[in-house]
Amino acid sequence: MGHDYEKEIKCPYCDYDYSDSWEHNEDDGEILECNSCGREFELTVDVSVTYCTAKVNCDDRNPPEEHEFGPIFDISYDQETTDRYNKEKFLNKDDHMPHTTWSRNCVKCDEVEYIDTEIGGECPWKS
C-alpha cells in the first residue's frame, strides 16, 4: 500500500502521519525510517509551484491614479425577472424592484462600478 500526492508524508506500512513533512522537501528519493513502525520506505517529493497576478487598483498605486473607465454597459430587470429573483431568494416583493443596472470597468485596473436607476432612467455617467 502506497500513498500518492498526500499533504503530509505517510508511512506506506502503518499509515503514520509525519507532521513535519515540510522538513523533507529536499529529500526526494531518500530512504526514511518510520518513526512509528521502524520500517524503511522511499520518499518521492512532488513540488508544484503556481503563480497568480492581478492588476494593481488605481487607488493603491503610489501615487494614486485616476480611474480610466471604458464603455458603459446596461441591463434592465423587468417586473417578471425581479419577481422570479425575489421568489428564488425568498425576499419580500418590494426587496428587488424593476430597475436598470449600469456598469463600467477601469481599463487600467479592472475596478468595476455599478449604479442602479429606474427602468428608462438616464445613466448618471453619461454627460
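Only the coordinates and a few stated rules stand behind these numbers; no lab work does. As the structure is a computational prediction, the values presented were derived from the model and not from experiment. Cβ placement follows ideal geometry from the backbone for every residue including glycine, while neighbour counts extend to all protein chains displayed.
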Inset, instruction - Give a quick list of GluC sites (Glu not before Pro) in the range 23-54 that DSSP marks as loop, anything other than H, G, I, E or B, with at most 16 other Cβ atoms within 10 Å. - result: 26, 30
Legend entry - At most 12 other Cβ within 10 Å, DSSP loop - chymotrypsin sites (Phe, Trp or Tyr not before Pro), the range 42-89: 51
Legend entry - Qualifying trypsin sites (Lys or Arg not before Pro) in the range 32-127, DSSP loop, other Cβ atoms within 10 Å at most 16: 39, 55, 61, 89, 93, 126
Inset, instruction - Compute the length gained on full extension between residue 101 and residue 37: take 0.36 nm times their separation in residues and subtract their Cα-Cα distance, giving the result in nm to one decimal. - result: 16.6 nm
Legend entry - Whole-Å semi-axes of the ellipsoid equivalent to the chain (Cα gyration tensor, √5λ, descending): 57, 25, 10
